[in-house]
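Step one of this worksheet: look at the structure below.
The values are calculated or read from the model by the stated rules, or taken from the named source; none is laboratory data. Not measured: the values here are computed from a predicted model. Cβ coordinates were reconstructed from backbone atoms using ideal geometry, including for glycine residues, and neighbour counts include every protein chain displayed.
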Amino acid sequence: MNAVSTHAGKELAAQRKRVKKNCAVCGREIVALKQAKYCSNRCRQRAKYLRQKMAKEA
Ligand SMILES: [Zn+2]
């Protein structure tokens, strides 16, 4: 195990490109990775739930 390289990996992850956007579910402004859509796991799950619900009702 190399503690130094582990630390370097963490720093690299923190520097990954982040963008300001709004959560697709609650609309809250977030700063997240470019591909992220939701502010939290909660909103991600809610989006999934809503998608399934709409598919059933349609
Ligand atoms: Zn949200």
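A few notes on this one:
- Checking L50, L12 one by one, the residue that is in a helix (DSSP H, G or I), surrounded by fewer than 11 Cβ atoms within 10 Å (Cβ to Cβ) and either among the hydrophobic types (A, V, I, L, M, F, W, C) or at pLDDT 80 or above (or both) is L12 and no other.
- The number of residues in the stretch 42-58 being more than 11 Å from V25 (Cα to Cα) and polar (S, T, N, Q) comes to 1.
- Among the residues of the stretch 15-58, just one is among the aromatic types (F, W, Y) and without any contact (Cβ under 8 Å) to a residue 12 or more places away in the chain, namely Y49.
- So A3, is it at pLDDT below 95 and of a type in the set (A, V, I, L, M, F, W, C): yes
- Residue within the stretch 34-52 that is touching a Lys or Arg at 6+ places or on another chain (Cβ under 7 Å) and more than 10 Å from the ligand (Cβ to nearest atom) present: yes
- Qualifying residue in the stretch 17-31 (condition: surrounded by fewer than 10 Cβ atoms within 10 Å (Cβ to Cβ), at pLDDT 90 or above and more than 16 Å from the ligand (Cβ to nearest atom)): no
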